[in-house]
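Notes for the one structure printed next.
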Amino acid sequence: MAKKDLFNKWKMRLAPTQIIALVFAGLILLGAFILSLPAASRDGVSPGFLPALFTATSATCVTGLVMFDTWTQWSGLGQTVIICLIEIGGLGFMSAASLVIFLLRRRVGLRQRMVMAQALSVNDMASVVRLQKIVIFGSLLVQLTGAVILASHFWPQYGPGQAIKWGFFHSVSAFCNAGFDIFGSLKAGSSLTLFQSDPVVLLTLGSLVVIGGLGFFVWEEVIRIHSWKKFSVYTRLVLLMTAVLLVGGMAGFCVLEWNNPATLGDMPWYDKLLGGLFQSVTVRTAGFDALGQGSLTDGSKAWSMVLMLIGGSSGSTAGGVKTVTMMVLLLFIWSRLRGKGSVCVFKHSVPNNQVLDAMTIVSIVVGLAIFGGLFISATSPIGFTDALYEAVSALATVGLTTGVTTSLSVPAQILIIVYMYFGRVGVLTLSLGFLMGSQAQERFRYANTNLLIG
């Protein structure tokens, strides 16, 4: 009894963000242990703990970077572990725990509400249980719909068993923005390049990615309100920014890759548009590769990294610094260029502390990305552009690679593992810290000084 009381006392001292970070770490270690077992590999030989840890981190943090082709390396057990880690990592462990609570008809206490709120990136504990129910049952419905569409499409050519397995696995992977695939039975490491002219596959997976990346709070408002004018400023910003990024990303890739024979160059115009659209979707944290990232022009790689860093929206399955964070930063820059001291959007003012929070998050992520690119290129036989692409992909939990993941040195692999974890948990913790935390009280202030800026 004393031990139980000691455990409960220790647990109560942990902040919700610390609980989230620790549970994610525990899931990763558990997944790594199972994947390191011989039974998890197709050939019955353990891949070693570091590759297993790399894969488990990538799955739990819904990234998609892999040391091995998923179908070629992992047995049925290994693939099952990976898809379970993706589901729990994408929706959040609290969603899985909440499902059990709801099914058992248990009362949701204050402590559970606090963790739910932090896991969903919201600041309203009064409606968090209702939002959690929408997240769970809405997510399952969307994934089931995607699985049925994909399975029906694959069935005539590949048979019922393969079609159902592919439909289920890739629907979950796409909705959770994970980017894992098991098309290696057709061609190892091919990802979606074999389906680059298949609109059903690309549009279905792309739709799942976008829905998963919008954010659970946005879902709740869209389902409940049904009116653009009545949406909150946040929801309108998310929907607007998502549309702009999709269209702008597609236009950028089509312009940069239209005549590149290694990607879009030899395709008919309608497949070029489809390929440009899917690249615009997947590069913002999905991780499915339909073009072959190593064949992109340098301009497209740079454009991809910009979109990777932006990512999806808060409280979603996506990574990155988040759409509204980047929008606030851009609005601040635009305001300063016009000589204004405040940020306004949709006839509302954005508090200065939130502008500073956005600047801080973006600065930290960009700084880590540049350091990661330098570190990887210095420790592995990889050029800086591809190394930076790999670092940004890990940090933004995207999972796209130019094909250099298997060439990473051990120190670089460890850095990528840390970046994937930070990208899923660290950016969330930073954001929630700014959202929930109170401003530190300054006991005194120094005299002002003027500096030369610019």
Q | Failed item, numbered, when Gly275 is tested on (1) open to solvent by less than 30 Å² (accessible area, probe 1.4 Å); (2) not in a helix (DSSP H, G or I) | A | (2)
Q) What about Ile149, is it without any contact (Cβ under 8 Å) to a residue 24 or more places away in the chain, touching a helix residue (DSSP H, G or I) at 6+ places or on another chain (Cβ under 8 Å) and open to solvent by 10 Å² or more (accessible area, probe 1.4 Å)? A) no
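Okay, residues lined up against (1) in contact with a strand residue (DSSP E or B) (Cβ under 7 Å, 6 or more places away or on another chain); (2) without any contact (Cβ under 8 Å) to a residue 12 or more places away in the chain:
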residue	(1), (2)
Leu309	no, no
Thr317	no, no
Val328	yes, no
Phe332	yes, no
His348	no, no
Ser363	no, yes
Ala369	no, no
Gly372	no, no
Gly383	no, yes
Q. Is it fair to say Val281 is over 26 Å from Asp198 (Cα atoms), in a helix (DSSP H, G or I), of a type in the set (A, V, I, L, M) and open to solvent by less than 30 Å² (accessible area, probe 1.4 Å)?
A. no
Q | Residue check, Ile28 in contact with a helix residue (DSSP H, G or I) (Cβ under 9 Å, 6 or more places away or on another chain), at pLDDT below 80, in a helix (DSSP H, G or I) and buried (at least 21 other Cβ atoms within 10 Å of the Cβ) | A | no
(Q) Regarding the range 246-262, can at least one residue be identified that is touching a residue at least 12 places away in the same chain (Cβ under 8 Å) and under 18 Å from the mean Cα position of the chain (by Cα)? (A) yes
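From the list Thr63, Thr70, which residue is farther than 26 Å from Gly215 by Cα, of a type in the set (S, T, N, Q) and in contact (Cβ under 8 Å) with a residue 60 or more places away in the chain? First the steps, then the outcome.
Working: Thr63 fails: farther than 26 Å from Gly215 by Cα.
The unique qualifying residue is Thr70.
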Q) Looking at Lys347, is it farther than 25 Å from Arg284 by Cβ, open to solvent by 20 Å² or more (accessible area, probe 1.4 Å) and charged (D, E, K, R)? A) yes
Q.
Given the criterion under 20 Å from the mean Cα position of the chain (by Cα), of a type outside the set (Asp, Glu) and within 22 Å of Val233 (Cβ to Cβ), identify the matching residue among Ala290, Ala286, Ala318, Ala302.
A. Ala318
Q) Quick one: how many residues across the range 295-318 are within 30 Å of Phe175 (Cβ to Cβ) and either open to solvent by 50 Å² or more (accessible area, probe 1.4 Å) or part of a helix (DSSP H, G or I) (or both)? A) 12
Q: Would you be able to tell me the number of residues in the range 179-229 that are part of a loop (DSSP other than H, G, I, E, B), open to solvent by 40 Å² or more (accessible area, probe 1.4 Å) and over 26 Å from Gln157 (Cβ atoms)?
A: 3
Q: Output the number of the condition that Asn353 fails; it satisfies all remaining conditions of (1) surrounded by fewer than 20 Cβ atoms within 10 Å (Cβ to Cβ); (2) closer than 20 Å to Leu240 by Cβ.
A: (2)
Q: Only residues that are open to solvent by less than 10 Å² (accessible area, probe 1.4 Å) and not hydrophobic (A, V, I, L, M, F, W, C): list them for the range 381-398, please.
A: Tyr389, Glu390, Ser393, Thr397
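Is at least one residue of the range 279-288 free of Cβ contacts under 8 Å to residues at least 40 places away in the same chain and farther than 30 Å from Leu91 by Cα?
Taking the range 279-288 first, the residues free of Cβ contacts under 8 Å to residues at least 40 places away in the same chain are 279-280.
Going one step further and asking which of them are farther than 30 Å from Leu91 by Cα, we end up with none.
Looking through the range 279-288, none of the residues is free of Cβ contacts under 8 Å to residues at least 40 places away in the same chain and farther than 30 Å from Leu91 by Cα.
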Q: Please work out which residue is least open to solvent (accessible area, probe 1.4 Å), limiting yourself to the range 321-344 and to residues that are closer than 30 Å to Phe422 by Cα and among the polar types (S, T, N, Q).
A: Thr323
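The values are calculated or read from the model by the stated rules, or taken from the named source; none is laboratory data. These numbers were taken from a predicted model, which means no experiment stands behind them. Neighbour counts are summed over all protein chains in view; Cβ atoms, including those assigned to glycine, are modelled from backbone coordinates with ideal geometry. Side chains are part of the model used for accessible areas, which takes the heavy atoms of the whole protein and leaves out ligands, DNA and RNA. Shrake-Rupley method; radii C 1.70, N 1.55, O 1.52, S 1.80 Å.
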